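The values are calculated or read from the model by the stated rules, or taken from the named source; none is laboratory data. None of these values were measured; they are calculated from a predicted model. In this analysis, Cβ positions are derived from the backbone assuming ideal geometry, glycine residues included, and neighbour counts consider all displayed protein chains.
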Amino acid sequence: MTNLMDRPNPPESDQPRAREPISTGSEWTFELIQKYDDEIAKCAAEFGLDTYPNQVEVISAEQMMDAYSSVGMPVGYHHWSFGKQFLSTSKGYQRGQMGLAYEIVINSNPCIAYLMEENTLPMQALVIAHASYGHNSFFKGNYLFRTWTDASAIIDYLVFARHYVAECEERYGVDAVEEILDSCHALMNYGVDRYKRPAPISASEEMRRQKEREEYQQRRINDLWRTIPKPDDDDDPVRRGKRYPEEPQENILYFIEKNAPLLETWQREIIRIVRKLGQYFYPQRQTQVMNEGWASFWHYTLLHRLYDKGLVTDGFMLEFLQSHSAVVYQPPFNSPWYSGLNPYTLGFSIFTDLRRICENPTDEDREWFPDIAGSDWLETLHFAMKNFKDESFIQQFLSPKVMRDLKLFAIQNDDQEDVYRVTAIHDEPGYRDLREKLARQYNLSYREPNIQVWNVDVRGDRSLTLRHIPVDRVPLGKETDEVLRHVHRLWGFDVHLESVEDGTVVEDHHCPPREFEED
Amino acid sequence: MGMTHIVDRRLNGKNKSAVNRERFLRRYRHHIKRAVSDAVQKRSITDIERGEKVSIPSRDIDEPIFHHGQGGKREVVHPGNQEFVAGDTIPKPEGGGGQGSGQGQASPDGEGMDEFAFQITQEEFLDFLFDDLELPNLARKKLKDTEAFKFVRSGFSTDGVPAKLDVVRSLRGAHARRLGLGGARKKKIRDLEKQLEALKSAPEDLDPAFSHEDQIQVLEEEIARLKANVRRIPFIDEIDLRYRQHLKKPQPATSAVMFCLMDVSGSMTQMHKDIAKRFFILLYLFLKKNYKKIEVVFIRHHTSAKEVDEEEFFYSRETGGTIVSSALKLMHKIIESRYSPAEWNIYAAQASDGDNWNDDSPVCGKILADSILPLVQYFAYVEITPQDHQMLWYEYEKIQEQFPQSFALQQIADPGEIYPVFRQLFERKAA
């Protein structure tokens, strides 16, 4: 294991070496993949990339479709939504409308990366550098992944989940299990405590605890509802004013798992499984720009290092660079191919520029990044990779140069105005503002509605009230009632959802729907 | 840094998604059933065994999650600015109070009524069709299973199992190879032996300088070398082996003709005809599994009968009364002229709403009993009506008593009741 402080062989990129390429053709063999991996591993060690052990699996296109359809989980429980994903993937692929992903990589220990057999040798090398060394070191180093996921336990946990769900299907029927899973999936993004460190998931521990839970949980639930005061206790003003829960709860799935009055034990366990998966994917949702940027930066850097060492041919580099530029291409906002900022481009640009700021700082850089300009670039990049998520990473490291290169500008769309406003562009007065706006765009609570458990009518009709705090008057989408039906299915009693702005309810949803008094 | 394991997974199963796919079909079975049902209406009854494209409205298969709707105040950062400076305003498109066409953040519900389309396989298609008909599993299996095969000889091949080895051919091949490889050498040996003979029989020169000894020795060595060469040619080699090759051929090679008879008088609605069509399809599928070649004859009738093509059979409308015997008479005529019972297995399926001129029903019974049933394997009659029976039914009941083996009748009001007609048929074939 190497680390930053004692790297054995500082990379020297400008020394010409004798050309002794590992291979010259584009066909791959297992021996060649092994050789490339050995050499890439050496380069990665020179740069101090700290990774989990790698497992590289060569699969066919069909298998890639399978992997794709199970949202990258190598083992998954059965659910129709994965079948739907599979049908649309295979349809697109068969019609040639869509290429398959070059690579899928699993945040596990060992870190599993898939190579497609159709890929040429340079592509396989690209994928190995990108996934097995780029993503892998990110999974191992980034604080969100370290906090929220346990790479060594995830595969075991997925196996446990699969068996548990299958067992439930056998006992309670496929339909009953599917209903619960559907409802849980609808709330999967609301199954995370953002500010509390979760207990790591581990399969054996999980299995043991699951048995215990089965015995105690139901009793605990019953206790909660048994302690409901009798109606005449309502006279007590203190009790009456108190909400349950006293503080709003953002982890809706957890709250339901622990408090829904009517759920069976196995149903609570399934909620837990989906919650744990949501937790597993939570860091990925918050680090897309960083994670892809980091992996792209390293496939670029590592393969160039191979070239500098004379281990790959010019033809290899041409093919690699062509794929690389396709991956980090950013169509402008007015292009027909535009679909938002490309996270690969943004992340790659920031990391690349960060290295430049360290190695060749300008006056502007010294002014904007006094601590970083001129520092050791490897140390700085590792620091950035380890301690941030997209939002704070952009806020901290997006440089004026990258804003200029990408020609970023912000547009405001206010439904109370007749025009769109350009609020900031890539110029001196705009940089800070633009950076702040872009950072906010990657804030999860800005991307997804902020909805929390507000109150349970413990003494009355047991109804559950959720509260939505809108940001900038942005309302809830059309599917809200649909999702509420799922909450209702889990909770078992009436469910209300209120959007509250400055203490007034501006929008409300109910399940079952309220009879409307027209006025 | 840990060692990298490189694993070849290509030989592992690829159908990991099969169960999930099945779950998906199960969940949307109603949509798929409808699509299958529509397809059955559109397709020819001889064109049932292929898959089908199914479309489901996207909104029916969406997985809802909480997300933001349109409206409020939003700011989005875009790349590729050309001429904008801070403070610029851009007019919103007409009628779009913030529909945000330029915003790139269109919420998923802005996508409209897209359809989710996918393909089901032939097997799945038949399953859904059989569901509709409430076919028991055993019968399904019989309809879907590939027919019985027998092996027929089809030449020889260079590999196979020892039991299939053809000794004569293999040895013949070996012989040919030995000739091919050794022939030239053997000829040479013969030539050299002749020379040797000549030398040996020539008178020995007294002068040792002209002795033949050396030459003889050279010749003998050469002959010995060639003979050793020839001996090394194996008597039989792996490349000589020939195996008998067999091909699977479908067993039944006989032909069947299927008569579809249907009342198309005014009282038969499209609904009646759709049920009848399923009935005919089932018979067709059944025959297809048992006969290699099937011809289908469509006879429609009201007061008079006519042989028509499938399109006209199911979809053109007639008004007026009903004389069932006209169809039976025509069927008999067609059998006599084109389908000799000696060469053809004859099946008939008749669908009607039970309407007939009362005077005609006894005639029908008589034609069936005297001229048709003796010629056919099986005659099935379905009466598609929820109402009480009329004359024709009672007449046919008498026929069934006389010909329990080859005549079946059933009253049906929905497709699920078609199957019992066939039960007898399947049972008979299974025996």
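Looking for whichever is polar (S, T, N, Q), under 30 Å from residue B:28 (Cβ atoms), modelled with pLDDT of 90 or more and touching a helix residue (DSSP H, G or I) at 6+ places or on another chain (Cβ under 8 Å) here; the options are A:81, A:69. Which one fits?
Checking each option against the conditions leaves just A:81.
Please enumerate the residues belonging to the stretch A:44-64 that are more than 7 Å from every other protein chain (Cβ to nearest Cβ) and part of a strand (DSSP E or B).
None - no residue of the stretch A:44-64 is more than 7 Å from every other protein chain (Cβ to nearest Cβ) and part of a strand (DSSP E or B), so the list stays empty.
Identify all residues within the stretch B:347-370 that are in contact with a strand residue (DSSP E or B) (Cβ under 8 Å, 6 or more places away or on another chain) and in a helix (DSSP H, G or I); write none if there are none.
Of everything in the stretch B:347-370, just one residue is in contact with a strand residue (DSSP E or B) (Cβ under 8 Å, 6 or more places away or on another chain) and in a helix (DSSP H, G or I), namely B:368.
Would you say residue A:473 is touching a residue at least 24 places away in the same chain (Cβ under 8 Å), of a type in the set (D, E, K, R) and out of contact with any helix residue (DSSP H, G or I) (no Cβ under 9 Å at 6 or more places or on another chain)? Steps first, please.
Numbers: touching a residue at least 24 places away in the same chain (Cβ under 8 Å): yes; of a type in the set (D, E, K, R): yes; out of contact with any helix residue (DSSP H, G or I) (no Cβ under 9 Å at 6 or more places or on another chain): yes.
Yes, satisfied.
Quick one: which helices (runs of 4 or more DSSP H) sit completely within the stretch A:394-466 and have at least 1 residues that are modelled with pLDDT of 95 or more and touching a strand residue (DSSP E or B) at 6+ places or on another chain (Cβ under 8 Å)?
A:431-441
With in a strand (DSSP E or B), of a type outside the set (Val, Ile, Thr) and out of contact with any Asp or Glu (no Cβ under 6 Å at 6 or more places or on another chain) as the only criterion, which of A:498, A:482, A:507 stands out? Spell out how you get there, then give the answer.
On the way: A:498 fails: out of contact with any Asp or Glu (no Cβ under 6 Å at 6 or more places or on another chain); A:482 fails: in a strand (DSSP E or B).
Exactly one of A:498, A:482, A:507 is in a strand (DSSP E or B), of a type outside the set (Val, Ile, Thr) and out of contact with any Asp or Glu (no Cβ under 6 Å at 6 or more places or on another chain), namely A:507.
Of A:371, A:365, A:376, which residue is crowded, with 17+ Cβ neighbours inside 10 Å and of a type in the set (D, E, K, R)?
So the residue among A:371, A:365, A:376 that is crowded, with 17+ Cβ neighbours inside 10 Å and of a type in the set (D, E, K, R) is A:365.
Any residue in the stretch A:316-324 that is acidic (Asp, Glu), without any contact (Cβ under 8 Å) to a residue 24 or more places away in the chain and farther than 26 Å from residue A:377 by Cα?
Looking through the stretch A:316-324, none of the residues is acidic (Asp, Glu), without any contact (Cβ under 8 Å) to a residue 24 or more places away in the chain and farther than 26 Å from residue A:377 by Cα.
Considering the stretch A:133-175 alone, what residues qualify as being at pLDDT below 95, of a type in the set (Gly, Ala, Ser) and crowded, with 16+ Cβ neighbours inside 10 Å?
Of everything in the stretch A:133-175, those that are at pLDDT below 95, of a type in the set (Gly, Ala, Ser) and crowded, with 16+ Cβ neighbours inside 10 Å turn out to be A:151, A:153, A:161.
Only one residue in A:127, A:105 is in a strand (DSSP E or B) and more than 12 Å from chain B (Cβ to nearest Cβ), so which one is that?
Answer to the check: A:105.
If I go through the stretch B:302-327 residue by residue, how many of them are assigned to a helix (DSSP H, G or I) and either out of contact with any Cys (no Cβ under 6 Å at 6 or more places or on another chain) or of a type in the set (S, T, N, Q) (or both)?
Residues flagged as assigned to a helix (DSSP H, G or I) and either out of contact with any Cys (no Cβ under 6 Å at 6 or more places or on another chain) or of a type in the set (S, T, N, Q) (or both) within the stretch B:302-327 amount to 9.
If residue A:173 satisfies all but one of (1) on the phi > 0 side of the Ramachandran plot; (2) within 20 Å of the chain's Cα centre (by Cα), what's the number of the condition it fails?
(2)
Could you figure out which of (1) crowded, with 20+ Cβ neighbours inside 10 Å; (2) at pLDDT 85 or above; (3) under 33 Å from the mean Cα position of the chain (by Cα); (4) not charged (D, E, K, R) isn't true of residue B:334?
(1)
When you go through (1) more than 21 Å from residue A:342 (Cβ to Cβ); (2) in contact with a helix residue (DSSP H, G or I) (Cβ under 6 Å, 6 or more places away or on another chain) one by one for residue A:421, which number turns out not to apply?
Residue A:421 satisfies all of (1) more than 21 Å from residue A:342 (Cβ to Cβ); (2) in contact with a helix residue (DSSP H, G or I) (Cβ under 6 Å, 6 or more places away or on another chain) except (2).
Name the helices (runs of 4 or more DSSP H) wholly inside the stretch B:98-217 in which the number of residues that are at pLDDT 80 or above and surrounded by 10 or more Cβ atoms within 10 Å (Cβ to Cβ) is 1 or more.
On the way: elements: B:122-133, B:137-144, B:167-201.
Filter on the stretch B:98-217 gives B:122-133, B:167-201.
Can you name the residue in the stretch A:176-199 that is closer than 18 Å to residue A:144 by Cα, within 14 Å of another protein chain (Cβ to nearest Cβ) and assigned to a loop (DSSP other than H, G, I, E, B) and is also modelled with the lowest pLDDT among such residues?
This residue is A:192.
Need pairs with beta-carbon distance below 7 Å; first residue not assigned by TED's automatic domain parsing to the domain that holds residue A:497 and surrounded by fewer than 21 Cβ atoms within 10 Å (Cβ to Cβ) and within the stretch A:244-271, second among the aliphatic types (A, V, I, L, M) and part of a loop (DSSP other than H, G, I, E, B); sequence gap 6+ or separate chains.
What qualifies is A:244/A:458.
Does the stretch A:419-431 include one or more residues that are more than 7 Å from chain B (Cβ to nearest Cβ) and surrounded by 20 or more Cβ atoms within 10 Å (Cβ to Cβ)?
yes
Return a yes/no flag: does the stretch B:371-387 have any residue that is outside any loop (DSSP other than H, G, I, E, B) and either farther than 22 Å from residue B:264 by Cβ or at pLDDT below 85 (or both).
yes
Collect the residues in the stretch A:65-93 that are in a loop (DSSP other than H, G, I, E, B) and within 7 Å of chain B (Cβ to nearest Cβ), keeping them in residue-number order.
Residues of the stretch A:65-93 in a loop (DSSP other than H, G, I, E, B): A:70-79.
Within the stretch A:65-93, A:78, A:79 meet the criteria.
Just wondering, is there one or more residues in the stretch B:267-279 that are over 13 Å from residue B:346 (Cα atoms) and part of a strand (DSSP E or B)?
Taking every residue of the stretch B:267-279 in turn, none turns out to be over 13 Å from residue B:346 (Cα atoms) and part of a strand (DSSP E or B).
Looking at B:78, B:67 in this structure, which one is closer than 26 Å to residue A:191 by Cα and outside the structural domain of residue B:25 (by TED's automatic domain parsing)?
So the residue among B:78, B:67 that is closer than 26 Å to residue A:191 by Cα and outside the structural domain of residue B:25 (by TED's automatic domain parsing) is B:67.
Mind listing whichever residues of the stretch A:23-58 are in contact with a strand residue (DSSP E or B) (Cβ under 6 Å, 6 or more places away or on another chain) and either buried (at least 22 other Cβ atoms within 10 Å of the Cβ) or of a type in the set (Lys, Arg) (or both)?
Selection gives A:54, A:56.
For the stretch B:33-48, state whether one or more residues are among the polar types (S, T, N, Q) and within 10 Å of chain A (Cβ to nearest Cβ).
no
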